[in-house]
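Single-structure report; data block below.
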Amino acid sequence: MGIRLIIAYIFMGGAIFFAIVTTIGLIRFPDVYTRIHASAVVLTISAVMLSFGVAIYVWEFYLSIKIMFVGLIFLITNPLATHAIARASYRRKIACPEVRSVDDYSKYLGRDRE
Amino acid sequence: MSKAKHIFVVIVLSLLGITMVINLNKIPGNTDQINFIYSHITNNAVLETGSLNFVTAILYDYRAYDSLGESTIIFGAVSGIVLLLSRKTLPVSSHGLSFIVKRTFGMLTPFIFLFSLYIISHGHLSPGGGFQGGVILGAISIIFSIVYGSEFDFKRYSPTTKTLLETGGALLFIGLGLAGIIFGGYFLENLRFLNTEIGSLLSAGSIPLINTVIGFKIGAGLAIIFYSMIQKTFKEEDKL
Amino acid sequence: MRRKVFTFFITLAIWIVFSGRITDDVIFVGLIASFITTWLYSDLLFRSTNRRKNWAFYFKKFFYIILFIPVFFYEAFISALKVSKHVFEKKPSFSPGIVKVKTTLCNVTALTILANLITLTPGTLTVDFDMRERAFFIHWIDVTTAKEAEMRKQIIERFEGWLEVIFQ
Amino acid sequence: MIITMAIILVILAMINSYRLIVGPTITDRLIAADTIIIFISLVILLIALYINIELLIDIVLAYAILLFVDVLIFAKYFEHKELYK
Amino acid sequence: MIILKYLLVIFLVTTAYLAISFKEELVSIIFLSIFSIILTTLYLIHNAPDVALAEAVIGAGLNTAIFMTVISQVREGKKSMFREDD
Amino acid sequence: MINHIVFVIIFLLGFYAILVKKNLIKMVIGLNIMEGAIFYWFISITDKGDKIPIVNGPYSSALVNDPIPQALILTGIVIGASTSAFLLTLIIELNKFTDSIDPDNLGRMIKD
């Protein structure tokens, strides 16, 4: 086993670790929006790291770039998806927590309505 | 449905399931006929058709007539849907999602289109082909009408363009078949007009051409289906 | 015209990466494919600008983008570690809130990338953007300060410099 | 080794479907569905690496491009209550 | 490989059951798309890449869009012209 | 054996949805699940455990899976998608007349 395969396995192992973190966070976190945080950040990094690991494992020029495209697409689209979900659910008042220390957004929405 | 009927349905279905499991084990596995066709295709398909992908070789060369029937079925479905939903107007207002989503999709859309062209044109070298690439082409229209609003999609591709692509694709497919009759021996014969080496993009004769035609036809057909489904319905007082 | 040339060469490069080899048939089909893509979608990839710049300006921009990618990955990785620290606490408790942070950028592409970067940094999530006051609404997992300047420093200041160089 | 990682990811996806079934609001379900779909597309990537990645990477790319459309459709349905306005 | 196949098969059956047993149509459609991607993985395990690509593309891009279109257009009003007679 | 059992279970689940559910959209979902079960069964019983049916060069070998069932199923998937699109269009049209998606109202409409 060369040094390249070890690096690839380290990347993949990190991806699995972040996947476990995502799962635990999605189940344990108390609030809807904090769950969105777990999904947005950690899941994206997990997907990117796994695709990088596979690209290092394969180690051919064009093929590795093509595999990295998978991670790049996840990196672009997953924060966007979470943004769309958060915006939609806040606007439809699907899961507004009652106790909130700072909330500038509802004032903005109220101004928009008038 | 009452509870007795419910229980009756469940009992009948479980009896059916037991019979199916018992009888499915008696299906004959390899007969001589199946083995003959299988060995013929796996031994000769690459040299006969020039396609490295055996599934594409079957779909667009050996049984291209079936693909013609399939695209006829899709043509019928599109015609039926357009006929059923014809007397409706388009929604006028069009506001999509937030500008962040719009801008990012603007940067992503050319690559989706390029990827669909890649899937279509590499149908005989890697998995893919006309159907799969065509569905991705149709998905671009779906993306536009979701992210930017349906009016944007209407301005970019007018329904006339879509209809032209759909009918033109069907006609070109039949035209390729007739070309097989004229220059070769039978309907939809694979004309190996460019005799390049096997494995290059243009090697498989008319298979890439049929792939391209079917891809654009299916993409346009799905876009038409989607487009006529999102049209606005009448209110009740208009109808009754 | 300039953006069409850029779109053509970018799509041709990506086509070659997709195909995995450089031979004459791949180049021939790739020219047709990138021509169609450029013809249909070049106005979506790059937005039109009125300012005219010389070519060295674009190369400088490209150089800065290449430099920016490792910084981006590093920030995202650190942020993932910070969120996973929250996960393994015994009782995860936060004081969440939605704050308003003003920005100085005015390019639409820069604002889009900044929004995605904010979503990828620890504990922040872009909810919306106010066009009138040029301010992001950010859901913050742990609201520590209520002052505007502090928030700016903690959330967006480290990316704004990069994006200003790249897009202005 | 590769297959072991794929098995771990499938088990994690099965655990995530708890949030999809129980989730009190619809947003929870959406986030859980997003997570499950991305996990299984990573499983597809690993299986493609195991079988023959040079030919099968197209499937992963196609799915990665198109799965995002799903989430956007749901988000737009929540935001406007009508899809194509 | 065989363990992976069994796990996916169990997940497939569970997803199919949940897709038809939930009351809201929306959750059913979410489960249907998950059903589709698990089916893709199983096709890939059974060495059928073309079928896997077709199922992935149709299950991810097309089916969800069409179902959601129908849900957003269908309305269950109270003043049905046939229910008023009953 | 496991392929047969899984096929039968998923097929009957879809069939049950078509028989029992009082919601036309649910019935189309059941139809999709039945289709998926049949396709999975057909692919899995013709899998001989060999390589994928794509070769890397002009050589003759019998070590690939049978490509004919895969071509059949590929045709079936596309036809299934267009069929379900047509059925859903019919549901939209029906909903315009009855304001509901209950299949019982269909019978009432025909009686009138």
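For the options B:Ser39, B:Ser67, B:Ser145, a Gaussian network treatment of chain B with springs between C-alpha atoms closer than 10 Å singles out B:Ser39 as fluctuating the most. Averaging Cα coordinates gives a centre for the stretch E:8-46 and one for the stretch C:20-38; these two points are 39 Å apart.
Within the stretch E:2-69, report the GluC sites (Glu not before Pro) that DSSP leaves as loop and that have at most 12 other Cβ atoms within 10 Å. Working shown, then result.
Values: sites: E:Glu24, E:Glu25, E:Glu55; in loops: E:Glu24.
In loop regions of the stretch E:2-69 (DSSP not H, G, I, E or B), the sparsely surrounded GluC sites (Glu not before Pro) are E:Glu24.
Helix-only arithmetic for the protein assembly as shown: the sum of -39500 (n - 2.57) across DSSP H runs with n ≥ 4, divided by the residue total, places the mean residue ellipticity at 222 nm at -24000 deg cm²/dmol.
Place +1 on the Cβ of every Lys and Arg and -1 on the Cβ of every Asp and Glu in the protein assembly as shown, take the dipole about the Cα centre, and give the residue among C:Thr7, F:Asn95, F:Val20 whose Cα lies farthest towards its positive end. Of C:Thr7, F:Asn95, F:Val20, it is C:Thr7.
Length, then width, then depth: along the principal axes, the Cα atoms of the stretch B:31-154 run 62, 36, 21 Å.
The GNM of chain B, with springs linking C-alpha atoms under 10 angstrom apart, assigns the highest mean-square fluctuation among B:Leu176, B:Leu47, B:Leu201 to B:Leu47.
Across peptide B:25-34, the mean count of Cβ atoms from other chains lying within 10 Å of each residue's own Cβ comes to 1.
In this simple spin-label approximation, B:Asp32 and D:Thr4 carry label points 7 Å from Cα along the Cα→Cβ vector, and these lie 5.1 nm apart.
Out of B:Pro110, B:Ala170, B:Ile214, whose Cα points farthest toward the positive end of the dipole of chain B (charges: +1 Lys, Arg; -1 Asp, Glu; placed on Cβ)? Selected residue: B:Pro110. About its Cα centre, chain C has a charge dipole of approximately 380 debye under the convention of +1 per Lys or Arg Cβ and -1 per Asp or Glu Cβ, with nothing else charged.
Packing around the peptides B:3-11, B:167-175, taken as the average count of other Cβ atoms within 10 Å per residue, puts them in this order, highest first: B:167-175, B:3-11. Taking chymotrypsin sites (Phe, Trp or Tyr not before Pro) across the stretch F:1-107, the ones in a DSSP loop with at most 11 further Cβ atoms lying within 10 angstrom of their Cβ are F:Tyr59. Note on D:Ile11 and A:Ile10: with the Förster distance fixed at 22 Å, the Cβ-Cβ geometry gives a FRET efficiency of about 0.55.
Specify whether the C-alpha gyration tensor of the stretch B:51-235 places it in the rounded, prolate or oblate class, a ≥ b ≥ c being the square roots of the eigenvalues: rounded for a/c under 1.5, otherwise prolate if a/b is larger than b/c and oblate if not. It comes out oblate by the Cα gyration axes. Given R0 = 51 Å, the distance between the Cβ atoms of C:Arg2 and F:Ile2 translates into a calculated FRET efficiency of 0.25. Computed over Cα pairs, the Kirkwood radius of the stretch E:1-83 leads via Stokes-Einstein (0.890 mPa s, 25 °C) to a diffusion coefficient of 170 µm² per second.
Nearest 0.05, what FRET efficiency do B:Thr160 and F:Asp50 give at R0 = 51 Å with Cβ-Cβ as r?
On the way: r = 48 Å, r/R0 = 0.95.
That gives a FRET efficiency of 0.60.
Within the listed set B:Ser71, B:Ser150, B:Ser200, the residue fluctuating most in the Gaussian network model of chain B (springs between alpha-carbon atoms under 10 angstrom) is B:Ser200. Rounded to the nearest 20, the size of the Cβ-charge dipole of the protein assembly as shown about its Cα centre is 2240 debye, with Lys and Arg at +1 and Asp and Glu at -1.
Inter-label distance, C:Ile66 to A:Lys93: 5.4 nm, where each label sits 7 Å from its Cα along the C-beta direction.
Mind checking the mean number of beta-carbon atoms from other chains within 10 Å of the Cβ atoms in B:140-148? Before the final figure, lay out each step's value.
Working: counts 4, 1, 10, 8, 1, 4, 10, 4, 1.
Mean shielding by partner chains, rounded to a whole number: 5.
Would you kindly state the longest site-free stretch of chain C, with sites defined as GluC sites (Glu not before Pro) in a DSSP loop (not H, G, I, E, B) surrounded by at most 11 other Cβ atoms within 10 Å? Excluding the exposed sites themselves, the longest stretch runs over C:1-88. Mean per-residue shielding of peptide E:11-23 is 6, counting Cβ atoms of other chains within 10 Å of each Cβ. Over 27 Å between C-alpha atoms is what I'm after, so list which of C:Lys60/D:Lys76; B:Lys26/F:Lys22; B:Lys155/C:Lys60; B:Lys155/D:Lys76; A:Lys93/B:Lys102; A:Lys93/C:Lys100 land there. C:Lys60/D:Lys76; B:Lys26/F:Lys22; B:Lys155/C:Lys60, as the Cα separations exceed 27 Å there. When the Cα gyration tensor is reduced to axis lengths a ≥ b ≥ c, the ratio a/c is 1.5 or higher for chain D, and with a/b not above b/c it is classed as oblate.
How would you classify the protein assembly as shown from its alpha-carbon gyration tensor, with a ≥ b ≥ c the square roots of the eigenvalues: rounded for a/c under 1.5, else prolate if a/b is greater than b/c, otherwise oblate?
Rounded, since a/c falls under 1.5.
Coordinate-derived values only; no laboratory data. All figures in this text were calculated on a predicted structure; none of them were measured in a lab. Ideal geometry is used to build each Cβ from the backbone, glycine not excepted, and the neighbour counts take in all protein chains shown.
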